[in-house]
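Enquirer: Pasting in a structure now, in structure tokens, and then I'll have a few things to ask.
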Amino acid sequence: MCGIVGYNGEKKAAPILLEGLSKLEYRGYDSAGIAVRNKTGETEIVKAKGRLKVLSEKTDGGNAVEGTVGIGHTRWATHGEPSEINAHPHCSDDKNVIGVHNGIIENYQELKDKLARHGYTFYSETDTEVAIKLIDYYYKTYNQGPLYAITHAMTRFRGSYAMAVMFKDYPDQIYAARNDAPMVIGLDEGESFLASDVTPILKYTKSVYYIGNQQVAVLGKGSVKFYDLDQMEIDIEPSTVTWDANAAERGGYEHFMIKEIHEQPKAVRDTINSVVKDGKIDLSEVGIDEETAKKIHSIQIVACGSAYHVGVVGQYVIEGLARIPVRVELASEFRYRDPLLDENDLVIIVSQSGETADSLAALRLAKKKGARTLGIVNVVGSSIAREVDHVFYTLAGPEIAVATTKAYSAQLIAMYALGMQLAKYKGTLDDERYASMIEELQNLPDQMSRVLEDKERIQWFAAKYANAQDMYFIGRGIDYGISLEGSLKMKEISYVHSEAYAAGEIKHGPISLIENGTLVVGVATQKRLFEKTRSNMVEVKSRGAYLMGITNYGNYSIEDTADFVVYIPKTDEYFTTSLAIIPLQLLSYYLSCAKGLNVDKPRNLAKSVTVE
């Protein structure tokens, strides 16, 4: 987690750093800080506990801090409680080396003990201070310059990190180092920028460099050079970011989350259009052709959080259409069961950021075991995108709210497209059904817009149940996958205890939790399972539950059971997740608003989990 920024140019650095941090605050918001070097060579460090606005007020929006070279950080605490002392930037005792860090140095205690034996003392509880002082130690002990000091420190670090470092003796340079944690560098005329992701850089340039693992970048004013651990200069080609800079702004919406909920039809349409050409799905850019598809004997979908729920739906879609065995696995558990994989297996890694630590580790294990790998990611040039054999880019654009909405919906499209085309290659989907499904797929954006028109009713219902303490989501088949994501959204931003259950499991324990007034959301979009799910809804209602139902237009008999019903347009049953999830996103959003919570930045959560 955590977000880092850097600027080296001729403009006043502090306001640029604060603006960049504002676009990264979704990555952490326990504390924030900046370090800016002025023309006399002195560096001012300003830190504050709490949201970024505290730091902004402390520095008058950055105007009170002079200097044209600087680094900044917004923190999600790992080592050490949230406090001004533990906030970044950290520095050596004489401010010879100053730096910010995203990640975890796992062996920091071992390194701390080594430095203590050499006379170093420590003011914070963080691993970052240890890392900065180790760099300082190598710099002063061997007198070989910053590049030598950083690369030698890197050989001692165990863990993940992205660092931006400044040296007192090199006032016009910023040094950046990376291992697993994300780092992006952009250049404009006479200016250099670095950040944890592209959103702070988009305003200035769309040509960016993705620094590789165990590499160092040296940023001058409008220039950058890259080096490996042997201090040999290497070439990295720039990548072009297609995102619109305005997509990272709220655009008149009260929160990023509600903006991104409304952007889902566009994200879905763009992702569909990227692979549907002339009425057929074209996976040539993904690299999955008929020959490759026919070699696939089984598929494992590996992901975390909402991306895992995409995988649950993907399992139903791919097995149902292509008749290929699919297993869905939490990335955090994948490595620890020693999975059985070979060259006939396809491992699909789903990650919005393409930097999720557990998912990256799972990918590397899959490759080590000889499996073919496919990434479904939203960020071009991200670590997962670079390391997989095949990549399916979703076109959701930048997603700022911590709770995913439009990236989730775009990932679903990737699963649908993969399932359909694998089925076509395998001969399990005839031409007529294939054409019909393509048409239904292309109708989804307009149908999603239609579902959004019902938001006022959902807002009313959410306000009515703003004091709910417990909530349960039930469904069968794909509807169970929808329920999992709806429950997670409720937990994430509304802080309501919520659980999702396969509806048939209600009688095996969970029904004992139902009492008068308990809110239960029943999702019933699958025709062959509708009556069974409705029967389960009747069971919980007879125990006192208040029922919200989500089903397709035409299933009006549900009103005999549910107290409040949201209808979605009819579509192919494999695609209903794309429509049914929207009311659940809106429900969690409006309930959070009714409780006066911080929708975009829920407590204890960060957008991109880049540490295990």
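Enquirer: Enter the mean projected area of the convex hull around the alpha-carbon atoms of the range 64-221, in nm², rounded to one decimal. Walk me through the numbers before you get to the answer.
Expert: Numbers: hull surface 37.3 nm².
Taking a quarter of the hull surface, the average projection is 9.3 nm².
Enquirer: Order the peptides 459-470, 495-506 from the highest to the lowest mean number of other Cβ atoms within 10 Å of their residues. Walk me through the numbers before you get to the answer.
Expert: Values: 459-470: 15.2, 495-506: 19.2.
So the peptides 459-470, 495-506, ranked by packing, come out 495-506, 459-470.
Enquirer: Normalised by the residues of the range 267-420, what does the relative contact order come to in percent, with Cα pairs under 8 Å and at least six apart? Each step should come with its number before you reach the end.
Expert: Numbers: 286 pairs, mean separation 44.6, N = 154.
Across the range 267-420, relative contact order equals 29 percent.
Enquirer: Rank-order 594-605, 430-441 by packing density, defined as the average count of other C-beta atoms within 10 Å over each peptide's residues, highest first.
Expert: Highest to lowest by the protection proxy: 594-605, 430-441.
Enquirer: Under 27 Å between alpha carbons, and skipping anything fewer than 8 positions from residue 295 in its own chain: which lysines qualify?
Expert: Straight-line reach from residue 295, under 27 Å: 277, 280, 367, 368, 369, 424, 426.
Enquirer: So what's the projected area for the range 37-97, the Cα convex hull averaged over all directions, in nm²?
Expert: On the way: hull surface 18.1 nm².
Averaging across all directions leaves 4.5 nm² for the Cα convex hull.
Enquirer: Using bins 5 angstrom wide from zero, how does P(r) for the range 306-351 break down, in % of all Cα pairs?
Expert: Going out from 0 Å in 5 Å bins, the range 306-351 shows 5, 18, 29, 27, 17, 3, 0 percent.
Enquirer: Right, another one. With no solvent and one point on each alpha carbon, what is the Debye value of log10 I(q)/I(0) for the range 278-421 at q = 0.16, 0.20, 0.21 Å⁻¹?
Expert: Reported log10 I(q)/I(0), two decimals: -0.76, -1.25, -1.40.
Enquirer: When only C-alpha pairs under 8 Å and at least 6 residues apart count, what is the relative contact order of the range 140-209, in percent? Walk me through the numbers before you get to the answer.
Expert: Working: 77 pairs, mean separation 14.9, N = 70.
Reported as a whole number, the value is 21 percent.
Enquirer: What angle do you read, to the nearest 10 degrees and between 0 and 90, between the alpha-carbon axis of helix 577-594 and the longest principal axis of the chain?
Expert: Value to nearest ten degrees: 60.
Enquirer: For residue 133, go through the lysines and keep the ones whose alpha-carbon is under 21 Å away, minus same-chain ones fewer than eight residues off.
Expert: 47, 95, 112, 114, 168
Enquirer: Further question on the same structure: How large is ³J(HN,Hα), in whole Hz, for each residue of the range 252-262 in order, when computed from phi with the Karplus curve 6.51 cos²θ - 1.76 cosθ + 1.60 and θ = phi - 60°, using x for Gly and Pro?
Expert: x, 7, 5, 9, 4, 4, 5, 4, 6, 4, 6
Enquirer: Would you list the P(r) distribution for the range 357-474, with all Cα-Cα distances sorted into 5 Å bins from 0 and each bin expressed as a whole %?
Expert: Calculated over all Cα pairs of the range 357-474, the distribution is 2, 8, 12, 15, 16, 14, 13, 10, 6, 3, 0 percent.
Enquirer: Output the antiparallel fraction of DSSP beta bridges having both residues in the chain, as a percent to the nearest 5. List each step's numbers first, then the result.
Expert: Details: 63 of 106 bridges.
Of the beta bridges lying entirely in the chain, close to 60 percent run antiparallel.
Enquirer: Carbon-plus-sulfur fraction of the accessible area of the chain, 1.4 Å probe, in percent?
Expert: Working: 10310 of 22830 Å².
With neighbouring chains kept in place, the figure for the chain is 45 percent.
Enquirer: By what distance, in whole Å, do the Cα atoms of the range 166-298 stretch along each of the three principal axes, largest value first?
Expert: The Cα atoms of the range 166-298 stretch 60, 47, 26 Å along their principal axes.
Enquirer: Hey, what's the Kirkwood Rh for the range 494-586 if you take every pair of different alpha carbons, in angstrom? Each step should come with its number before you reach the end.
Expert: Working: mean 1/r = 0.0734 Å⁻¹.
13.6 Å is the Kirkwood radius here.
Enquirer: For the chain, what are Rg and Dmax over the alpha carbons, in angstrom?
Expert: My reading of the Cα-based Rg and Dmax gives 25.3, 80 Å.
Enquirer: If you average 1/r over all unlike Cα pairs in the range 53-147 and invert the result, what Kirkwood radius do you get in angstrom? Please list the in-between numbers first.
Expert: Numbers: mean 1/r = 0.0687 Å⁻¹.
Taking every pair of different Cα atoms in the range 53-147, averaging 1/r and inverting gives 14.6 Å.
Enquirer: When ranked by the protection proxy of mean other Cβ atoms within 10 Å per residue, highest first, what sequence do the peptides 37-47, 332-342, 68-78 form? Spell out each step's value before the answer.
Expert: Values: 37-47: 16.3, 332-342: 14.2, 68-78: 27.0.
Ranking, from highest mean packing down: 68-78, 37-47, 332-342.
Enquirer: Could you give the angle, 0 to 90 degrees to the nearest 10, between helix 406-426's Cα long axis and the longest principal axis of the Cα atoms of the chain?
Expert: It works out to around 60 degrees.
Enquirer: Still on this structure, please answer the following. Mind pulling the angle between the C-alpha long axis of helix 13-22 and the longest principal axis of the chain? Nearest 10 degrees, somewhere in 0 to 90.
Expert: Long axis of 13-22 versus the principal axis of the chain: about 20 degrees.
Enquirer: Another one. No solvent, one uniform scatterer per C-alpha: report log10 I(q)/I(0) for the range 424-531 via the Debye equation at q = 0.13, 0.19, 0.22, 0.23 1/Å, two decimals.
Expert: Calculated log10 I(q)/I(0) at the listed q: -0.66, -1.10, -1.28, -1.33.
Enquirer: With the contact rule set at Cα under 8 Å and sequence spacing of 6 or more, what percent relative contact order holds for the chain? It would help to have the intermediate numbers written out before the result.
Expert: Numbers: 1404 pairs, mean separation 73.4, N = 612.
Computed over the chain, the figure is 12 percent.
Enquirer: In a Debye calculation with equal point scatterers on the alpha-carbon sites of the range 540-612 and no solvent, what is log10 I(q)/I(0) at q = 0.11, 0.19, 0.23 Å⁻¹?
Expert: With no solvent term, the Cα-only Debye profile gives -0.45, -0.93, -1.05.
The values are calculated or read from the model by the stated rules, or taken from the named source; none is laboratory data. Not measured: the values here are computed from a predicted model. Neighbour counts are summed over all protein chains in view; Cβ atoms, including those assigned to glycine, are modelled from backbone coordinates with ideal geometry. All accessible areas refer to the heavy atoms of the entire protein, side chains included, with ligands and DNA or RNA removed. Shrake-Rupley method; radii C 1.70, N 1.55, O 1.52, S 1.80 Å.
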